[in-house]
2 protein chains.
Amino acid sequence: MSFPCLEKLEKRSKKLVEEGPEPVYSKISDKNVDMYHSGEPIFLDYGGFLPEFDIAYESWGTLNADRSNAVLIHTGLSASSHAHSTKKNPTSGWWEDFIGPDRYLDTNKYFVICTNVIGGCFGSTGPMSVDPSTGEKYATSFPVISVNDMVRAQHRLISDHFSIKKLYCSIGASMGGMQSLAYANEFSDEVVKVVSISGCAKSHPYSIAMRFCQRHVLMTDPKWNKGYYYNGVPPHTGMKLAREIATITYRSGPEWEQRFGVERADPSRQPAFCPDFLIETYLDHAGEKWCLDFDPNSFLYISKAMDLFDLGKKTRSRAVKSRHQAERRFKGENISSGELVYKPSAFCEYEHPMEENHRTRRFTPEQSKEDLVEGLSRIADKEVLVVGVESDILFPAWQQMEIFNLLREAEARKGADGSNIHHVELSKEDSYYGHDTFLLALKYVGDPVKAFLG
Amino acid sequence: MSFPCLEKLEKRSKKLVEEGPEPVYSKISDKNVDMYHSGEPIFLDYGGFLPEFDIAYESWGTLNADRSNAVLIHTGLSASSHAHSTKKNPTSGWWEDFIGPDRYLDTNKYFVICTNVIGGCFGSTGPMSVDPSTGEKYATSFPVISVNDMVRAQHRLISDHFSIKKLYCSIGASMGGMQSLAYANEFSDEVVKVVSISGCAKSHPYSIAMRFCQRHVLMTDPKWNKGYYYNGVPPHTGMKLAREIATITYRSGPEWEQRFGVERADPSRQPAFCPDFLIETYLDHAGEKWCLDFDPNSFLYISKAMDLFDLGKKTRSRAVKSRHQAERRFKGENISSGELVYKPSAFCEYEHPMEENHRTRRFTPEQSKEDLVEGLSRIADKEVLVVGVESDILFPAWQQMEIFNLLREAEARKGADGSNIHHVELSKEDSYYGHDTFLLALKYVGDPVKAFLG
């Protein structure tokens, strides 16, 4: 049996060696985005800090005189700020037809901004940035970041650079939906409207499991080298495998059934372990396209941030304490181990072997729900639109319904009727595209968004 | 950041080198199973053949005088013939409480047999067996096998060794459910009753996608070495990763939500990329337990056989032709390339790059359905029980309903009422265990099976 798919990977490694050690995945430069530099440190939810940082961003439309028409778009894991073409970068953006004059996000009315998250590889500070304290790239010495950290970095741009006191709308899908809620959660008085599409209030075990496998296949690629690959060949095989797994969660069975069915790409040949069925060639292709397009360490940090996402009150209380410790650490203060919110060494199964049926959750599902109601009460008085997609298996429709119910419950406790909280669910007939619906079924997502924005 | 989970993998590699190159995953020997040897060749659905082969099996209860009380259990991908303890092997089997006197499979009434599939690593002929034509282990020179090949090998044992003319029942879950239907499909007059639990009539794209990723992570482990690792360290990392991904498909969200929730194993430590959340330690543990317990090549061949499973008429016609060619090949006849059912070289995306939105299915879903109705008409006059599980994401409940509907349709075309076809679906309240329900919710699966067997 021959394995041309493996030979292809070896060939790429060789080619990358010949081409030299420059990372090839950074597609954004200061030539095609705007840059904001914050010389002030940012203190992070899990106890780290960045002494200074950059935010790369793009914008469309015009900020009005009273700075009241800003719409901030938050990105998903792998998307850049290039949601729409610009003068600096005329290539199509990932939401090209969603944004523009008279579009769903109407640039005649709104000043639309999209930023690159910290931790990423599209110009904002991330693992491939240089750590000013060492002069070397951060790699895996980059601190663990949270989705809330991402939006607090964005806020610096919104408030310090643009002097915007209140966003008209915070909007995003997928991890962008998480950020959209997180922004309102962090800056409760600085947002009028919130749109969360295929997001969640807290991750769920299946999605963590799928992301864990993606990270694990990347980390076991010998080329990953514990994150220190910047002078060598990047772990393109691990990235390809990770993307193949991720792609399964982005699309859906019904679409694949229609598009590929269970047919082999070339039924006249003997079955093979290399891509063989149409669905396999599709996954392989998705992996191929991405494996050199994104910094592997950025992928790990952002993927992990999604797992950690939790708008519950407990997580927030802990984060506030932890940021305070980070600040003290930044100022050179010593923190006694008894005080520490997070012990610095990494937890790992290696140290604490799992005994099956032994380790189970400490809090009941009811306690977890209660914690989320309390946490979300910071958002519940805003105008909120939650959009869910029935065919989504990564951020399932029940998670959207959960956000809606939690917000309504939080409002009810304040004696309010909750009519400011809106929920729309796209059926399988509206879209069978699964999690990627926000990129593909623009009309079904856009119509309720446009109506909501007014 | 430290990565003890990676150090653990390196440590295992070193230990395996020190312990010597013997494969450690063969747990079955002729001491604890019965062996049947067929000196006659078996010709395979995709054009290969085995000149001779072994079947390792176990049995419980007593074959009656007219040999009419045999129940053949078919195994899932990773299970062995050890469904229940025996005198030779008193350890608990994987269906220990399902089989026995007065149990769901009542050994007072039935002679229960369970075999190890060809292609596997539990004593029946597979990739780690010696190819008599070379004196070397087959490795990836082992021919591609199908689920139907597996049951035709079993049939040799049933018919030639036990002289059983007709099975009372063919039963299995998961790939065992596939085999159970395949047995009735291959030997239409030699089965009275058929039970398929969480099986299917044909694989579906999501399940193929998930198995493809498992195989792909294994094949990219450098230690896999294109299948030739038998004298070295086996690809335990690839196997671990593959099992982590597989485990996601075996269990389900609702169970994990109850059991693990979204809680970290040690919330006092900083988040880590090594297993961190409870669900991650669970997956890691599942991978650890399995990574040296199964021959990696066996995993690839059996996993691929599941993808290829298709009871449609077209696939069968092609297989019959292809087996005939294998027979001619065995006899030393030359086959002209124009005659070939399958061209021997492996198809791979490498040779035919996929263009997005270009390659799509050739047959419509309606044509595919029609093909299955025609194929299943060979089974439709048997007493059939199909058991589905609502929480199963790998072999979803709709696939069980599909088998039921296809069989009923096939019967209707013969003018029969189809009352011989039965279907039971376990709700999420009955079992939230997902695909593994047949191992865990014995009563809910066993009661309808027992009633059906009579």
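The values are calculated or read from the model by the stated rules, or taken from the named source; none is laboratory data. Since the model is a prediction, treat every value here as computed from it, not as a measurement. In this analysis, Cβ positions are derived from the backbone assuming ideal geometry, glycine residues included, and neighbour counts consider all displayed protein chains. For the accessible areas, the whole protein counts, side chains as well, though only heavy atoms, and no ligand, DNA or RNA atoms are used. Shrake-Rupley method; radii C 1.70, N 1.55, O 1.52, S 1.80 Å.
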Give the whole-number value, in cubic angstrom per residue, of the convex hull volume spanned by the C-alpha atoms of the stretch B:273-332. 142 Å³
Work out, in µm²/s and without decimals, the Stokes-Einstein translational diffusion coefficient of the stretch B:184-239 at 25 °C, 0.890 mPa s, Rh from Kirkwood over C-alpha pairs. 170 µm²/s
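Kindly flag which residue pairs out of A:Lys165/A:Lys382; B:Lys14/B:Lys289; A:Lys223/B:Lys304; B:Lys15/B:Lys223 have an alpha-carbon separation exceeding 25 Å in this structure.
As for pairs spanning more than 25 Å Cα to Cα, those are A:Lys223/B:Lys304.
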Sequence of B:Asp66, B:Asp295 from largest to smallest accessible area, 1.4 Å probe: B:Asp66, B:Asp295
Inverse mean reciprocal Cα-Cα distance (Kirkwood Rh) of the stretch A:290-448, Å: 19.3 Å
Label geometry 7 Å along the beta-carbon vector: A:Lys226 inter-copy distances in nm: 3.3
Ignoring ligands, DNA and RNA, please state the percent of accessible area on the stretch A:112-245 from carbon and sulfur, probe 1.4 Å. 48 percent
On the principal axes of its Cα set, how long, how wide and how thick is the stretch B:131-185? Give whole Å, largest value first. 40, 27, 15
Taking each label point as 7 Å beyond Cα in the direction of the beta carbon, state the distances from B:Leu63 to the same residue in the other copies, shortest first, in nm. 8.5
In vacuo Debye scattering of the stretch B:71-131, one point per C-alpha: log10 I(q)/I(0) at q = 0.15 Å⁻¹? -0.48
Net charge near B:Tyr228, counting Lys/Arg +1 and Asp/Glu -1 over other residues with Cβ under 12 Å of its Cβ? +2
quick shape note, the stretch A:1-154: Cα extents on principal axes in Å, largest first -> 63, 40, 27
Within straight-line cross-link reach of A:Lys414, aspartates and glutamates at Cα separation under 18 Å, skipping those fewer than 8 residues along the same chain: A:Asp189, A:Glu370, A:Asp371, A:Glu374, A:Asp381, A:Glu383
Cα-based Rg/(2.2 N^0.38 Å) for the protein assembly as shown, rounded to two decimals, is 0.98
Just the C-alpha atoms of chain A: what Rg/Rh do they give, with Rh taken as the Kirkwood radius? 0.96
Using a 1.4 Å probe, how large is the accessible area of B:Met401, given in Å² and rounded to the nearest 10? 70 Å²
Taking Cα pairs closer than 8 Å and at least 6 residues apart, the relative contact order of the stretch A:374-413 in percent is 50 percent
Using a label position 7 Å from Cα in the Cα→Cβ direction, what is the ascending list of nm distances from A:Pro101 to the same site in the other copies? 8.8
Closest to the B-onto-A rotation axis, which residue of chain B has its Cβ, and how many Å off the axis is it? B:Val217, 3
Percent relative contact order for chain B, counting Cα pairs under 8 Å at least six residues apart, stands at 18 percent
Let me know the volume per residue of the alpha-carbon convex hull for the stretch A:119-233, in Å³. 124 Å³
Kindly write out, for the stretch B:401-413 in residue order, the coupling ³J(HN,Hα) from the Karplus curve 6.51 cos²θ - 1.76 cosθ + 1.60 (θ = phi - 60°), rounded to whole Hz, with x marking Gly and Pro. 4, 4, 4, 4, 5, 5, 5, 4, 4, 4, 5, 4, 5
If you count only protein heavy atoms and use a 1.4 Å probe, how large is the accessible surface of B:Lys428, to the nearest 10 Å²? 90 Å²
P(r) weight above 15 Å for the stretch B:198-281, C-alpha pairs, percent: 69 percent
So how far, in whole Å, is the C-alpha centre of the stretch A:93-156 from the one of the stretch B:175-216? 47 Å
Any lysines with Cα under 18 Å of the B:Lys87 Cα? List them, leaving off those in the same chain fewer than 8 positions away. B:Lys27, B:Lys31
Scalar couplings 3J(HN,Hα) for the stretch A:178-186 by Karplus 6.51 cos²θ - 1.76 cosθ + 1.60 (θ = phi - 60°), nearest whole Hz, x for Gly and Pro, are 4, 4, 4, 5, 4, 4, 5, 6, 6
How big is the Rg/Rh ratio for the stretch A:211-330, C-alpha atoms only, Rh by Kirkwood, two decimals? 1.13
Out of residues 5 or more away from A:Leu385 or on other chains, whose amide H comes under 5 Å of its own, with H placed 1.01 Å from N in the peptide plane? A:Val194, A:Val195, A:Ser196, A:His422
Residue-normalised accessible area of chain A, expressed per residue, 1.4 Å probe, Å²: 36 Å²
